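Q: Supplied in structure tokens, the structure appears directly below.
Please treat every number below as a calculation from the coordinates, not as lab data. Quick caveat, the model's predicted, so the values are computed rather than measured. Glycine also receives a Cβ, built like all others from the backbone with ideal geometry; neighbour counts cover every protein chain displayed.
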Amino acid sequence: MLFSRACSLSNYLRCMPKLLHSFSRPAMNLADVISSLNEFASLSLAESWDNVGLLVEPSPPHTVSNLFLTNDLTERVMEEAVSQKADLILSYHPPIFKALTRVTWKTWKERIVIAALENRIAVYSPHTAYDALPNGVNDWLAKSLGECITVPLHPAAAVSVSGKVSHRVEFVVEQNLETILSGLKSIQEISYKTYSVVSDGKNCTRVSLNCTQRALIELVNFLSKEGVLQHGTDIISLQQPPLPNSGMGRLCTLTEKASLAIVINRIKNHLRLPYLRLALGVGKTLDRQVKVAAICAGSGASVLRGVPADLYLTGEMSHHDILDANAQGISIILCDHSNTERGFLEVLKESLTERFNKQIKVLVSQADCDPLKVV
Ligand SMILES: [Zn+2]
């Protein structure tokens, strides 16, 4: 830390109280904390459009004694994090999403970055990785319905790893078998088997091989040159198996049917809300029994659209998506966006306190709240 490139004498003196504070308590290196968080929920679970992981990093070395959890990192929450001497903020929603082209005092997102760096606070966001996670945000939300069996609406697949087998290629060789097999042996990252077959009354050899993405390009060039590709070659992209209990949204089958009125009360209790909004499906009443509910924390329209269910539960949906679902007899409960997410932070606090073996103090923001209020 002493006089590193990024920490001038004046910065060092400003950092001193915080450093002395950190040295007096158990702490972990930021890199170790981030790697542990990435093990807790692999960032590969996040949607491709998302912006997850470590978003703001103070100059190293940086140690973490206080981990501060929030759903949204607003300026008010940042003030609270500073007053609580946070070293790392885990903000469920990424406070930086679109690329920043400058960091000035002009917009609140830029000021968040400035405040984080000036106060030596790192910022990490898991967002949709926690949505997809088994026992993550969506499974926490599913508990609001009562006892039920849940499966992801859109299962997450294991990520294909560079260098792993990605394709199967099958073709029949009528002549020059030795040349072709010798050519295959010269290509790395493939393995093959041969079978004797009869094709058009002729004795031929069927070759079935597995290869990586890198080897596929070399292989296709080779087969094209040898004239094999032109005689019918099957190239099959191998799918990764779905990860159990992981993915976007949840389809929840209640162990015992319950009336919509009862389910509404359960949701209010679980989410600690005095109210929620209900759009009854066409021809439905509060006495209607609910057996299957599709849920999605946050903004659920794209995940829920077209899913057959008695009930949709999410934070927000557009007027026209509501009308479409209602017309199909599906009732909708909306609780406002972050009210369907925030309660998970208390579950997360327990999990991370245990994970970091009490070396890190985990706090949940008190200032963080949904911006919408009923007045
Ligand atoms: Zn959200």
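Q: What range in the chain is the longest one free of chymotrypsin sites (Phe, Trp or Tyr not before Pro) that are in a loop by DSSP and have at most 15 other Cβ atoms within 10 angstrom?
A: Value returned for the longest uninterrupted segment is 106-274.
Q: What is the percent of Cα-Cα separations in segment 165-237 that go past 18 Å?
A: Every Cα pair in segment 165-237 considered, those over 18 Å come to 30 percent.
Q: Scaled to the compact-protein estimate 2.2 N^0.38 Å, what is the alpha-carbon radius of gyration of segment 71-176, rounded to two decimal places?
A: Segment 71-176 yields a ratio of 1.72.
Q: Helix-derived [θ] at 222 nm for the chain: sum -39500 (n - 2.57) over DSSP H runs of at least 4, divide by residue count, nearest 500?
A: Only helices count here, giving -9000 deg cm²/dmol.
Q: Hey, another quick one. Counting only other residues whose beta carbon sits under 15 Å from that of residue 331, what net charge do I get with K and R as +1, D and E as -1?
A: Details: positive: 257, 266, 277, 284, 288, 291; negative: 287, 310, 321, 324.
Charge balance near residue 331 sits at +2.
Q: Quick one: grab the alpha carbon gyration tensor of the chain, order the square roots of its eigenvalues as a ≥ b ≥ c, and give me rounded if a/c is under 1.5, else prolate or oblate depending on whether a/b is larger than b/c.
A: oblate
Q: Where does the charge balance sit around residue 38 when Lys and Arg score +1, Asp and Glu -1, over other residues with C-beta under 13 Å from its C-beta?
A: For residues surrounding residue 38, the net value is -1.
Q: Where does the charge balance sit around residue 115 when Lys and Arg score +1, Asp and Glu -1, over other residues with C-beta under 13 Å from its C-beta?
A: Residues near residue 115 contribute -1 overall.
Q: Go through segment 79-174 and name the GluC sites (Glu not before Pro) that are in a DSSP coil and have 14 or fewer other Cβ atoms within 10 Å of their Cβ.
A: When the GluC sites (Glu not before Pro) of segment 79-174 are filtered for loop state and at most 14 Cβ neighbours within 10 Å, 147, 174 remain.
Q: So in the chain, what percent of DSSP beta bridges are antiparallel if you round to the nearest 5?
A: Just about 70 percent of them are antiparallel.
Q: What three numbers, in Å, describe the spread of the alpha carbons of segment 232-375 along their principal axes, ordered from the longest?
A: 68, 56, 31
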